[in-house]
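Okay, structure first, notes after.
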Amino acid sequence: MMARLRQMGPGAMVTAAFIGPGTVTACTLAGANFGYTLLWALLFATVATIALQEMSARLGLVTGKGLGANLAELFAGSVLRWPMIALVGVALYAGNAAYEAGNLSGAALGVEAIAGEGAFAPAIVGLAGVAGALLLTGRYAVIERALIALVAVMTLAFAATFAITRPDLGALFAGLFTPDIPEGALLTVVALIGTTIVPYNLFLHASAVARKGGSAKDLGAVRADASLSIGIGGLIAILIASTAAASLFAQGLAVENAGDMARQFEPLFGASSRYLLGVGLLAAGLTSAITAPMATGFAMAEILRLPSEAKSLAFRAVALSVLAIGAALSLAGVRPVEVILAAQFANGLLLPVIAGFLLYAMNRSQVLGRYVNGWIANGAGFLVVLVAAGLGLRLVLRTLRWL
């Protein structure tokens, strides 16, 4: 029991990372535009995330190294080393800088929902300061505890807003178990999957587990942490989409983001509902504003074979630069919903590549010994990669036809 309690945390960090403004925005738009129809995509994404993140956590626990460090060793001396570094660098550094703008903007929308108009810019500065201070501490345990607390806050906030709107439970369960992609919903499906199965979380989870310590005998506890924490994250996403379906879709109201949903809630369900949703969006944005730079710092330092401890210069330089770029983009007036959805879309297309790297590492017996993937894990992993690649290809082909 004590071993299981000591291993709690890395899974919660993954949940803190993927339940950000991108998830809240994508789920809000899915529910507002298509009702309960796309809930199956969130269920699939949650199960797929658990499968992939278990592999990432197992890699970190058994090897004592993050995914980036393992890839650096696997590709050492290979002609593919620098292409791999370039691909991961672009996917993580550039992608997470865009994510960070969306994270901070989304959290600021939550502040606006609570405090009113005019709070957006000051909120960006304040939130970036809080995230930067936590990252500068260089203390993994402090960051982990802060993220777990924020996950608890947003879980309670989104569960309360779900209860207030009283969704149709019959339609909810039908949407969960009846796959369907209505006309015009493909981009939303890709965004829902891309916002849940986040490529940078594969790097974050392995690094977090490795830094927490332990050995292969703790694998059960690590798996339990991942399944429970990510399952809670998937439930939060389903609650958000169902809340939007029960309120906005049912009333025929148009929105662009969760901040709009919070403002629409007040005349429908009272002022408390707006504040609850605002608190949830604020917590979601702040957790992701911390984890995106953190994951990038770990991954880039590991891949480049630089010191990757949270107190190292390389980690802090990468993490804080991602935070600074995100804050600058947010303050430059880029529309938050466009930044968030663009980042989600890009990561949905990049997911098959990053997941492919992970599967490659998980089948190397010289790295994992008897803890390599079995046929069930490989089957689940390849299924996720194929589905993600198929959705992305279909979207690209449709886009080309429009041009």
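The values are calculated or read from the model by the stated rules, or taken from the named source; none is laboratory data. Quantities reported herein were computed from a predicted structural model and do not represent experimental measurements. When we count neighbours, we look across all protein chains shown, and the Cβ atoms used for this are built from the backbone with ideal geometry, even at glycine. What goes into the accessible areas is simple: the full protein's heavy atoms, side chains included, and nothing from ligands, DNA or RNA. Shrake-Rupley method; radii C 1.70, N 1.55, O 1.52, S 1.80 Å.
May I ask you to list the residues in the range 75-86 that are within 27 Å of the chain's Cα centre (by Cα) and either farther than 13 Å from L304 by Cα or among the basic types (K, R) (or both)? Scanning the range 75-86 gives a single hit, R81.
Considering A123, A32, A113, the condition of being free of Cβ contacts under 8 Å to residues at least 60 places away in the same chain, touching a helix residue (DSSP H, G or I) at 6+ places or on another chain (Cβ under 7 Å), under 19 Å from L277 (Cα atoms) and open to solvent by less than 20 Å² (accessible area, probe 1.4 Å) is satisfied by A123 alone.
Residues checked against (1) in a helix (DSSP H, G or I); (2) over 22 Å from M13 (Cα atoms):
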| site | (1), (2) |
| --- | --- |
| L172 | yes, yes |
| D180 | no, yes |
| L219 | yes, no |
| D225 | yes, no |
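Out of all the residues in the range 63-100, which are assigned to a loop (DSSP other than H, G, I, E, B) and open to solvent by 30 Å² or more (accessible area, probe 1.4 Å)? Result: G64, K65, A76, G77, S78, V79, L80.
The condition (being out of contact with any His (no Cβ under 8 Å at 6 or more places or on another chain) and either modelled with pLDDT under 85 or open to solvent by 40 Å² or more (accessible area, probe 1.4 Å) (or both)) is satisfied by just one residue among V153, V189: V153.
With respect to L147, is the statement that it is among the aliphatic types (A, V, I, L, M), crowded, with 18+ Cβ neighbours inside 10 Å and assigned to a helix (DSSP H, G or I) true? Yes; evaluated as a whole, the condition is true for this residue. Filtering the range 216-230 to residues that are under 16 Å from the mean Cα position of the chain (by Cα) and open to solvent by less than 30 Å² (accessible area, probe 1.4 Å) leaves A226, S229, I230. When A160, A131, A208, A141 are screened for being among the hydrophobic types (A, V, I, L, M, F, W, C), under 17 Å from the mean Cα position of the chain (by Cα) and either within 18 Å of G233 (Cα to Cα) or surrounded by fewer than 14 Cβ atoms within 10 Å (Cβ to Cβ) (or both), only A208 passes. When the range 276-323 is limited to residues that are aliphatic (A, V, I, L, M) and surrounded by fewer than 24 Cβ atoms within 10 Å (Cβ to Cβ), the one that is farthest from A76 (Cα to Cα) turns out to be V279. The residues in the range 38-62 that are surrounded by fewer than 24 Cβ atoms within 10 Å (Cβ to Cβ) and over 24 Å from D225 (Cβ atoms) can be counted, and the count is 1.
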